[in-house]
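**Q** Quick one: this structure, given as structure tokens, is what I'll be asking you about.
None of the figures in this text is laboratory data; all of them are computed from the coordinates on show. These numbers were taken from a predicted model, which means no experiment stands behind them. Don't worry about glycine lacking a Cβ; one is built from the backbone with ideal geometry, like all the others, and counts go over all protein chains shown.
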Amino acid sequence: MTVQVRQLATTTPDFEAEFHRVLHWSAETDHEIEQRVESILTHVRGSGDAAVLEYTARFDGLTAGSMKELELTQDELRAALDQITPEQRRALEAAAARVRAYHERQLEACGRSWSYRDEDGTLLGQKVTPLDRVGIYVPGGKAAYPSSVLMNAIPAQVAGVGEIVMVVPTPRGERNLLVLAAAALAGVHRAFTIGGAQAVAALAYGTATVPRVDKITGPGNAYVASAKRRVFGQVGIDMIAGPSEILVLADGTTPPDWVAMDLFSQAEHDELAQSILLCPDAGYIAKVAEQIERLLPLMPRQDVIRASLEGRGALIHTRSMEEACEISNRIAPEHLEVSSNEPGRWEPLLKHAGAIFLGAYTSESLGDYCAGPNHVLPTSGTARFSSPLGVYDFQKRSSLIEVSEAGAQVLGEIASVLAHGEGLQAHAKAAEFRLKNRQGGAQ
């Protein structure tokens, strides 16, 4: 069966309309999901552990007499690390080491406190402190994601977070050893086998057993996304993730089967995932299309890939690589591959992307698992104003201000004028009291 991937060209009159249809995706949550999530949050907030136990039994088929039965001990996490195969352990440890090294560099670059003194002795600066407690949500059910454990827990650990609490659904009690082993490696302090909106609620509000956190990170299904949106303000969140995306900028020098498989790598996530190729070489686009036809029947998740490519995928012929870069900036993709023998030539033209993968050998999948940078990335065009998850997401900043007596004479005059202009006389007087030779001020 032929794969009907949409093929566009920027030279055609209807390109803009067709391009808009390719990008269109509604982020609105289903009204029924919203209502059910609101009910779950309210129930967990009011009944705590009892509500979480009820929903875990209903949705995951996992019955427990108390929440303590759903908490994984450190011994269980370490035991999982010992039970996985030697090959899996080596891979997990290597990935964890690379992720940790990258985020330690990030800490050195942007995660430190700083201060300076003016010539009058006034100290100004910034104090960086880690969050006290964070919750990380790790998806479970259809698949298990040890890589998500590493990408969420390690930057939190590097940032200095006091306590990392993991929640992961285990439908019918089926635990994934790689997920538990990753938690042991990544420094997770407490872990609960709960998921869905009820797990988000437990983390946001706290129960008798699950501690309330300051921030929740990690991806999930529509119920998890809706719950994170609703609890924001009670706690911080990382982002509301949409379907996964890959955009490949190709100059025609990469083997076409490599590019076809890279498009598959995101399409296999789910039917709403988006895979787009931008290329100025029409002949090369035809070769990629041929490889899509050849390789798809070999893929175990071919039905999902086909639905994704036919529903939201596109092969776009551009006038030039420069135009391809312009279109990429309009899309602001989650994953952006520059599949070229001159990636450094095009990278300066690229402003908006969650992560940029440079060169033919840099497949997006390496970033997902072990390259080092975080794979929790902004989607749905939010890379225009958002960044990957990082050390900075697990820290907060406080301004430092220590005004000297001499500095108060200069700043006080400025503040007094502006405060009177705003009609805030107490503000003005507070500054004026510290001025020498002013009525009511220091003598």
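**Q** Show me 58-64, 182-188, 115-121 ranked by packing, highest mean number of other Cβ atoms within 10 Å first. Mind showing how you got there, number by number?
**A** Details: 58-64: 16.3, 182-188: 24.1, 115-121: 11.7.
Answer by packing, highest mean first, reads 182-188, 58-64, 115-121.
**Q** Further, regarding this structure: Sticking with the crude label model, points 7 Å out along Cα→Cβ, report the distance from GLU69 to ASP257 in nm, one decimal please.
**A** Result for the modelled spin labels: 5.2 nm.
**Q** Membrane-span-like helices in the chain: DSSP H runs reaching 18 Å or more (Cα, own axis), mean Kyte hydropathy at least 0.5? Working shown, then result.
**A** On the way: long enough: 31-47 (24 Å, -0.64); 86-110 (36 Å, -0.91); 146-159 (20 Å, 0.87); 282-295 (20 Å, 0.13); 405-421 (24 Å, 0.71).
The answer, listed by residue number, is 146-159, 405-421.
**Q** Would you please give the residues with an amide H less than 5 Å from that of SER275, counting only those at least 5 places away or on a separate chain, with H modeled from the backbone geometry?
**A** ILE246, GLY313, ALA314
**Q** Beyond 17 Å, what percent of the Cα pairs of segment 403-443 remain?
**A** So the portion of pairs separated by more than 17 Å is 21 percent.
**Q** Turning to a different aspect of this structure: Using Cα pairs closer than 8 Å and at least 6 residues apart in sequence, work out the relative contact order for the chain, in percent.
**A** On the way: 868 pairs, mean separation 86.2, N = 443.
Computed value for the chain: 19 percent relative contact order.
**Q** Collect residues whose amide H, placed 1.01 Å from N in the peptide plane, falls under 5 Å from the amide H of GLU163; neighbours closer than 5 in sequence don't count.
**A** Those lying under 5 Å, H to H, from GLU163 are ARG133, VAL134.
**Q** For segment 31-237, take N as its residue count and report Rg(C-alpha) divided by 2.2 N^0.38 Å.
**A** Working: Rg = 18.6 Å, N = 207, 2.2 N^0.38 = 16.7 Å.
That works out to 1.12 for segment 31-237.
**Q** How far apart, in nanometres, would the label points at GLU104 and GLU163 be if each is projected 7 angstrom from Cα along the Cα-to-Cβ direction?
**A** 2.7
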